[in-house]
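Below is one structure, written out as structure tokens, with a few remarks after it.
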Amino acid sequence: MTAADQVHEWVSFEDPDEQRTWIFDATYLRSNHKCIYGEGCQGVLDAPAAEMAQGCCSYGAHFVDDDDVQTVVKAFVRVKPEHMQFHAKAVKGGFLRPEPGDDGETGTMTRLVDDACIFLNRPGFEGGAGCALHIAALDAEQRPLDWKPNVCWQVPIRLEHSTDDNGHVTSRLREWKRRDWGDGGADFHWWCTEAPEAFAANDPVYVGSRDEIVELVGRQIYDLMVVQLERTDWVPLPHPTLRKR
Ligand code: SF4
């Protein structure tokens, strides 16, 4: 793809309360992209593996800080064996993997069982395939994002911050790109924001992922963002994945 083929358009405004500039990827947020776990997601291995239903859970989840770990510690107490295929293994050996892992990976991560995250129920498990934390949260009529590691409810949305020499913060909300997985991302056979079949939602990202975005940026900023994304005097370019078709 040429640089022109990859253009996204963004909206930006100043935070009303602090020294921060917000930047939003309007091209992505107005697209109809969605996570298609169980609906054609080919996974992030080096070959197509839709039938394994691993989604992006093949390598375990990196926790961002201790609060993130504690969210899952508290959630796990409420997860029952009927929700989680590997519940007994997690009770016996914990759900965190020793550091560094076999592959030399450092940082606090979920443990792997049978080559994927310990929380990932495999196809055929009677409690349902997919994330056991997600399944248990829905069973408790709670939001999965309050039970899961941060990365697991944020992907395929990403918020990043940078601070300039004067202490001014710039915060960008955008799609999670292949490169955001680090070096390993280049080896993925497939990545959902590059896949036309994942642009299948009925609503745009900023509507369908409202809870997640509010959790990331706060309600006030979300509302200010919606005003910009719904401007009638301007329509951002369609997503590059759809333009290239
Ligand atoms: S975020 Fe993308 S890779 Fe991960 S499970 Fe969803 S569709 Fe698959």
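The values are calculated or read from the model by the stated rules, or taken from the named source; none is laboratory data. Not measured: the values here are computed from a predicted model. Ideal geometry is used to build each Cβ from the backbone, glycine not excepted, and the neighbour counts take in all protein chains shown.
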Condition first: within 16 Å of the ligand (Cβ to nearest atom) and in a loop (DSSP other than H, G, I, E, B). Can you find one or more residues in segment 62-69 that meet it? no
Residues (among the charged types (D, E, K, R) and closer than 17 Å to ALA61 by Cα) located in segment 133-151: ASP146, LYS148
If you go through segment 224-240 one residue at a time, how many are without any contact (Cβ under 8 Å) to a residue 60 or more places away in the chain and within 21 Å of the chain's Cα centre (by Cα)? 1
Out of (1) outside the structural domain of MET109 (by TED's automatic domain parsing); (2) at pLDDT 95 or above; (3) within 22 Å of VAL72 (Cβ to Cβ); (4) not β-branched (Val, Ile, Thr), the odd one out for GLY182 is which? (2)
Looking at VAL151, VAL169, VAL214, which one is touching a residue at least 24 places away in the same chain (Cβ under 8 Å), of a type in the set (Val, Ile, Thr) and within 29 Å of PHE76 (Cα to Cα)? VAL151
Breaking point among (1) outside the structural domain of GLN142 (by TED's automatic domain parsing); (2) within 23 Å of the chain's Cα centre (by Cα); (3) more than 16 Å from the ligand (Cβ to nearest atom), for CYS41: (3)
If you check ALA75 against the conditions, is it away from the ligand (no atom under 16 Å from the Cβ), surrounded by fewer than 19 Cβ atoms within 10 Å (Cβ to Cβ), among the hydrophobic types (A, V, I, L, M, F, W, C) and assigned by TED's automatic domain parsing to the domain that holds CYS117? no
For the list (1) within 16 Å of the ligand (Cβ to nearest atom); (2) crowded, with 18+ Cβ neighbours inside 10 Å; (3) of a type in the set (A, V, I, L, M, F, W, C), I need the number of the one condition that ALA49 fails. (2)
Name the residues in segment 1-19 that are out of contact with any helix residue (DSSP H, G or I) (no Cβ under 9 Å at 6 or more places or on another chain) and in a strand (DSSP E or B), would you? GLU14
In segment 171-184, residue nearest to the ligand (Cβ to nearest atom) [restricted to those that are more than 14 Å from the chain's Cα centre (by Cα) and over 18 Å from PRO236 (Cβ atoms)]: GLY184
Looking at segment 129-139, is at least one residue in a strand (DSSP E or B) and either touching a residue at least 24 places away in the same chain (Cβ under 8 Å) or crowded, with 18+ Cβ neighbours inside 10 Å (or both)? yes
Total residues in segment 21-61, condition farther than 30 Å from VAL227 by Cβ, assigned to a loop (DSSP other than H, G, I, E, B) and among the aliphatic types (A, V, I, L, M): 6
